[in-house]
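In what follows, a structure is listed as structure tokens, so that the remarks can point back to it.
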Amino acid sequence: MSHKAGFVNIIGNPNVGKSTLMNAFVGEKLSIITSKAQTTRHRILGIVNGENFQVVLSDTPGIIKPAYELQSSMMDFVKSAFEDADVLVYMVEIGEKELKDEAFFKKITNSKIPVLLLINKIDISNQDQLEEQVKLWSEKVPNALIYPISALEGFNVKEVFEKIIELLPESPAFYPKDQLTDKPERFFVNENIREKILLNYKKEIPYAVEVDTEEFFEEENIIRMRSVIMVERETQKGIIIGHKGSALKKVGVEARKDLEKFFGKQVHLELYVKVNKNWRSDQRQLKRFGYNQK
């Protein structure tokens with residue numbers, strides 16, 4: 001029996017459901033999901049294995065016009081998604097009419113590789129609106145196969161995945177068949193804590209935060225972790241900690257519960273907050289946190 005394998009890269013505007021779709025394909029919560037824009041900062045691989053296929057999925061940050069160095073680095077992850085894709089998944093949501101960057105849009109319409117254009121969140125639309133959207137995107141991206149989906153409800157997700165396998169080239173697997181992602185365990189600890197910050201704090205706070213897990217010790221029955229939440233200003237540090245540490249404690253409790261599910265064992269999590277001034281514009285700091293890979 002022949003074996004298919006390849007890279008399937010998911011791109012689109014912020015908040016269209018890219019992370020929800022990848023998690024639905026993989027069957028694990030690899031990408032964090034919130035209602036806030038720019039939740040995904042890195043390019044995260046999720047690997048789905050079958051007897052005669054390996055699909056290497058890539059979730060990327062939402063396409064924006066960068067305002068500072070961190071956002072420029074995030075857009076570099078998106079650019080790299082065009083370079084190694086065997087299949088490109090371009091996601092839009094109901095009511096959307098354009099990609100926020102014209103240069104990226106031209107790359108999609110001129111793509112030499114198969115493009116699947118997924119119109120997501122159809123569970124909140126009606127038939128007339130859906131037909132109008134299909135017509136619009138058929139004209140805008142004539143080289144794409146169009147699928148209406150609901151990543152959240154699972155509608156058409158299986159059909160899209162089967163189409164992806166059909167479009168992949170014949171190839172041996174790129175990763176061991178028992179591997180789920182290319183990211184280390186600490187990365188998922190950092191992302192889980194960052195998700196809780198996105199959910200529990202408002203305005204600028206979540207975007208000024210980076211998390212660094214400095215210690216990760218796995219024992220037979222427990223994993224001991226020590227993570228540092230980086231902020232840019234002293235005032236942000238006070239907000240993260242909250243009155244008598246209550247806000248930080250809430251983040252810690254929520255993250256620990258999720259991490260225990262993810263790792264399947266007891267977790268002891270210590271959280272600290274440090275000020276790291278202007279880290280979002282500091283190339284050296286960004287490199288340390290896994291951005292700016294040039």
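A quick yes/no check of all residues on (1) β-branched (Val, Ile, Thr); (2) open to solvent by less than 20 Å² (accessible area, probe 1.4 Å):
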| site | (1), (2) |
| --- | --- |
| Ile223 | yes, yes |
| Arg226 | no, no |
| Ile229 | yes, yes |
| Glu232 | no, yes |
| Lys237 | no, no |
| Ile240 | yes, yes |
| His243 | no, no |
| Glu254 | no, no |
| Lys257 | no, no |
Original post:
Given (1) open to solvent by 70 Å² or more (accessible area, probe 1.4 Å); (2) within 25 Å of the chain's Cα centre (by Cα); (3) in contact (Cβ under 8 Å) with a residue 24 or more places away in the chain, where does Pro176 come up short, assuming only one miss?
Top reply: (3)
**OP:** Pick out the one residue from Asp182, Asp123, Asp128 that is touching a strand residue (DSSP E or B) at 6+ places or on another chain (Cβ under 7 Å), open to solvent by 40 Å² or more (accessible area, probe 1.4 Å) and without any contact (Cβ under 8 Å) to a residue 60 or more places away in the chain.
**Re:** Asp123
**OP:** Report whether or not Asp212 is open to solvent by 90 Å² or more (accessible area, probe 1.4 Å) and touching a residue at least 40 places away in the same chain (Cβ under 8 Å).
**Re:** no
Subject >> Yes/no for Tyr272 being touching a residue at least 40 places away in the same chain (Cβ under 8 Å) and not in a helix (DSSP H, G or I) >> reply: yes
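Scan region 24-42 and tell me whether some residue there is over 19 Å from the mean Cα position of the chain (by Cα) and at pLDDT below 80. Spell out the reasoning first.
Of all residues in region 24-42, those over 19 Å from the mean Cα position of the chain (by Cα) come to none.
Checking region 24-42: not a single residue is over 19 Å from the mean Cα position of the chain (by Cα) and at pLDDT below 80.
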**OP:** Name, by its number, the condition in (1) within 24 Å of Phe25 (Cα to Cα); (2) at pLDDT 70 or above that does not hold for Gln129.
**Re:** (1)
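The values are calculated or read from the model by the stated rules, or taken from the named source; none is laboratory data. Bear in mind that the values here come from a model prediction, so they are computed numbers and not experimental data. Virtual Cβ from ideal backbone geometry, glycine too; neighbours counted across all protein chains shown. The protein model used for the area step is the full one, side chains on, heavy atoms only, and it has no ligands, DNA or RNA in it. Shrake-Rupley method; radii C 1.70, N 1.55, O 1.52, S 1.80 Å.
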